[in-house]
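Heads up, the thing below is written out as structure tokens.
Rule-based calculations on the coordinates, nothing more; no lab input. Computed from a predicted structure; not experimentally measured. All Cβ positions, glycine included, derive from the backbone under ideal geometry; neighbour counts span all protein chains shown.
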Ligand code: HEC
Ligand code: HEC
């Protein structure tokens, strides 16, 4: 209830500012529901199969679906790709604190609907979990559940958050997504909190940003190697670059001034380059509506204040298409 009230209050505040704003009336900011894909999880949850062994490319391991969906002893397709996981990342604590690696994957590459933790500063990770716990980090669309993080944050021990944060901080984010500019996007369906390819055919992109795994089955197997494709309107990347480098409200708000020249983070400011564009977009919207309103997020408030949804799509396309780590700089576009 409290959560709904807070968001309703934010929306009202935005509308009020616009209507009494004086000089030039701007259209009120309306949260685009398509940026928060949600379909109900099937109830009762289907019983996962415990017989058929699955594989993913380049891994010699095999897991049944029952093992893949075990949040308290997670599948690890590529054990050599990361240091030994602390217990908080591999096992969690039953029955409420699932292992971080279940949703953010053992190498921290994450999934677009969860977020990439690889390479985020430990302090930032710890502060975000605290913000989920104390209700200062919500979702601008209450229908999209950040419940998993709220529930988890409530139950997880502080020492487990610290061990997980130190582990994820040391990992390197690799490039997994490809941003493609289109006028028409393949038809998609919604799988709980993510788009997946749907029926054959295309439809107008219509100003949206649609991120899909190349193969939904690999996403479901929690394969950290599955590529993602992000469809955005034609011209988005160049437009995003302009806004990011000049600043939406002048040079002081240029992304580079705080997030670093390559957007790879600077001191307490998190790296954003090469992260899932759909997630970047949602975070910009969350800052814009005040759904994210912990004390550090006030820094982002003036940055997003005047952005339209289309500006945010452009920024997410640009930021998400940047090299995610210094070694992959050659792939910069
Ligand atoms: C059941 C799934 C699930 C588990 C388990 C989980 N998370 Fe998350 N996590 C999410 C989702 C969903 C989000 C995205 C929420 C949002 O963007 O509003 C998220 C977001 C985050 C973020 C924000 C990332 C960013 O870029 O701002 C951090 C930090 C985080 N989780 C840390 C953790 C840690 C540490 C653990 C283990 C102690 C953990 N999570 C376990 C689902 C999970
Ligand atoms: C004045 C400094 C400043 C500027 C300019 C700035 N940021 Fe940020 N940004 C921050 C800080 C600080 C945070 C962390 C906020 C928090 O801890 O809640 C942040 C967080 C973010 C996040 C969330 C990352 C995550 O993993 O959750 C995104 C996305 C982001 N910024 C995008 C941008 C973009 C795009 C621009 C340019 C249009 C920009 N920022 C400009 C300071 C800045």
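Among beta bridges from DSSP that stay inside the chain, the antiparallel ones total about 70%. Segment residue 34..residue 55, full-extension length gain: 4.3 nm, with 0.36 nm per residue of separation and the alpha-carbon distance subtracted. Taking other C-beta atoms within 10 Å as the exposure proxy, 170, 266, 133 rank 170, 266, 133 from fewest upward.
Computed from Cα positions, the angle between helix 2-19 and the longest principal axis of the chain comes to roughly 30 degrees.
Hydrodynamic estimate: the Kirkwood radius of the range 65-169 over Cα pairs, inserted into Stokes-Einstein at 10 °C and 1.306 mPa s, corresponds to D of 115 µm²/s.
In percent, how large is the relative contact order of the range 65-169, given Cα pairs closer than 8 Å and 6 or more residues apart? With pairs under 8 Å counted, the relative contact order is 27 percent.
Compared with the dominant principal axis of the Cα atoms in the chain, helix 122-134 is inclined by about 80°. A P(r) calculated from all alpha carbon pairs of the chain, with 10 Å bins opening at zero, reads 6, 25, 36, 25, 7, 1, 0 percent. Footprinting exposure proxy ranking of 262, 199, 107, 294, fewest other C-beta atoms within 10 angstrom first, gives 199, 294, 262, 107.
Taking the fewest neighbouring Cβ atoms within 10 Å as the starting point, the ordered list for 297, 278 is 297, 278.
The range 117-194 and the range 258-274 have Cα centres lying 17 Å from one another. Across every pair of non-identical alpha carbons in the range 191-292, the mean reciprocal distance, once inverted, gives a Kirkwood radius of 15.7 Å.
Debye sum, Cα scatterers, the range 252-333, no solvent: what log₁₀ I/I(0) at q = 0.22, 0.23 1/Å? Once normalised to I(0) and log-transformed, intensities are -1.09, -1.18.
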